[in-house]
1. Within the set of pairs 6 or more residues apart or between chains, which connect a residue that is under 15 Å from residue 232 (Cα atoms) inside the stretch 173-186 to a residue that is at pLDDT below 95 and assigned to a loop (DSSP other than H, G, I, E, B) with Cβ atoms less than 6 Å apart?
2. Taking the stretch 1-30, which residues are surrounded by fewer than 17 Cβ atoms within 10 Å (Cβ to Cβ) and touching a strand residue (DSSP E or B) at 6+ places or on another chain (Cβ under 8 Å)?
3. Checking residue 90 against (1) within 15 Å of residue 123 (Cα to Cα); (2) touching a strand residue (DSSP E or B) at 6+ places or on another chain (Cβ under 9 Å); (3) surrounded by fewer than 15 Cβ atoms within 10 Å (Cβ to Cβ): exactly one of these is not met. Which one?
4. Name every residue in the stretch 257-285 that is in contact (Cβ under 8 Å) with a residue 40 or more places away in the chain, part of a loop (DSSP other than H, G, I, E, B) and more than 28 Å from residue 198 (Cβ to Cβ), in order of residue number.
5. Only one of 311, 302 is in contact with a helix residue (DSSP H, G or I) (Cβ under 8 Å, 6 or more places away or on another chain) and touching a residue at least 24 places away in the same chain (Cβ under 8 Å). Can you tell me which?
6. Which residue is nearest to residue 282 (Cα to Cα), if the candidates are limited to the stretch 32-53 and must be in contact (Cβ under 8 Å) with a residue 24 or more places away in the chain and surrounded by fewer than 21 Cβ atoms within 10 Å (Cβ to Cβ)?
7. Report yes if residue 285 is more than 21 Å from residue 48 (Cα to Cα) and within 17 Å of the chain's Cα centre (by Cα), otherwise no.
8. So for the stretch 68-82 (the condition being in contact (Cβ under 8 Å) with a residue 24 or more places away in the chain, within 16 Å of the ligand (Cβ to nearest atom), in a loop (DSSP other than H, G, I, E, B) and in contact with a strand residue (DSSP E or B) (Cβ under 8 Å, 6 or more places away or on another chain)), does at least one residue qualify?
Ligand SMILES: *Cc1c(COP(=O)(O)O)cnc(C)c1O
């Protein structure tokens, strides 16, 4: 991070304000429990099910919060985002609900279902060649020339504050926790969850969980500065980020207990568990948090444990192959 730039980090007050702002548009997602999970872990486990959020993942919270804060000029010029995943759908849907034009920059080879979903929410999709073109340059160009506001998927105070509303709802509903497990890509959900948890359950241990193949967050956390990696090979496509952000990292460094990892095989086992025992569809990335809680069970005996299930958007053919495999 550039030591000369002083960033103003979001705080719990921003999470509380975000909760007000998105109330009524975002779903207050259910907190589910499972006797089988409790018996296995030897703890009381509370699953906050963001797979039941609008558009199928927590990303709606951050997008809706960020877009709700646009002024007149920003609303007229529109929003631009680059993503082939859940952030694209979150921005497109939030923009539609607020009557703001949205341009989403997606790779030419993005899955047809994701392009269709984004267009279905009214997003104007601009494609680029991921091998020859730079999506950030395309996004910046649209932002500069047409006055659009670029909203990144995680490294933005309003996005972080919005994502924090899920953990806030969880603790409001079930009371203080001893440990909270949160998956980690660029760290928007983890940073927001940490802001909410440090305020509402100060003694709670907070664990970020990322794919073993892409443990840049763990390396960054342990070394004290942001580590960049190549795009990791993992089935957890929502966590294939190459580095933490300038806003997310300082919060994670300050407030998080540790960063853990999970293997693809552990994610598949969790996907099966959720399908078989809890009758719910969870995408691979959404399984990271529970996978780590299972590994940590020796330390969780008799505790109250929160697990944020981040999303449920997975192609059905891919999903059935995982379950069959
Ligand atoms: C984006 C995403 C993540 C990672 O979130 P970050 O804020 O980038 O850490 C995890 N799970 C799902 C389902 C996602 O869409």
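1. Partner pairs satisfying both residue conditions: 185/241; 186/241.
2. Result: 30, single match.
3. Tallying (1) within 15 Å of residue 123 (Cα to Cα); (2) touching a strand residue (DSSP E or B) at 6+ places or on another chain (Cβ under 9 Å); (3) surrounded by fewer than 15 Cβ atoms within 10 Å (Cβ to Cβ), residue 90 fails exactly one: (3).
4. The answer is 263, 280, 281.
5. Result of the check over 311, 302: 311.
6. Looking at the filtered set, the residue picked out is 52.
7. Details: more than 21 Å from residue 48 (Cα to Cα): no; within 17 Å of the chain's Cα centre (by Cα): yes.
Taking the combined requirement at face value, the residue does not satisfy it.
8. Applying the first criterion (in contact (Cβ under 8 Å) with a residue 24 or more places away in the chain) to the stretch 68-82 yields 68-70, 73-75, 77-82.
With within 16 Å of the ligand (Cβ to nearest atom) added as a condition, the list becomes 81-82.
From what is left, the residues that are in a loop (DSSP other than H, G, I, E, B) are none.
No, the stretch 68-82 has no match at all.
The values are calculated or read from the model by the stated rules, or taken from the named source; none is laboratory data. Just so it is clear, the model here is predicted, and its values are computed rather than measured. Note that we place each Cβ from the backbone using ideal geometry, even for glycine, and neighbour counts take in every protein chain shown.
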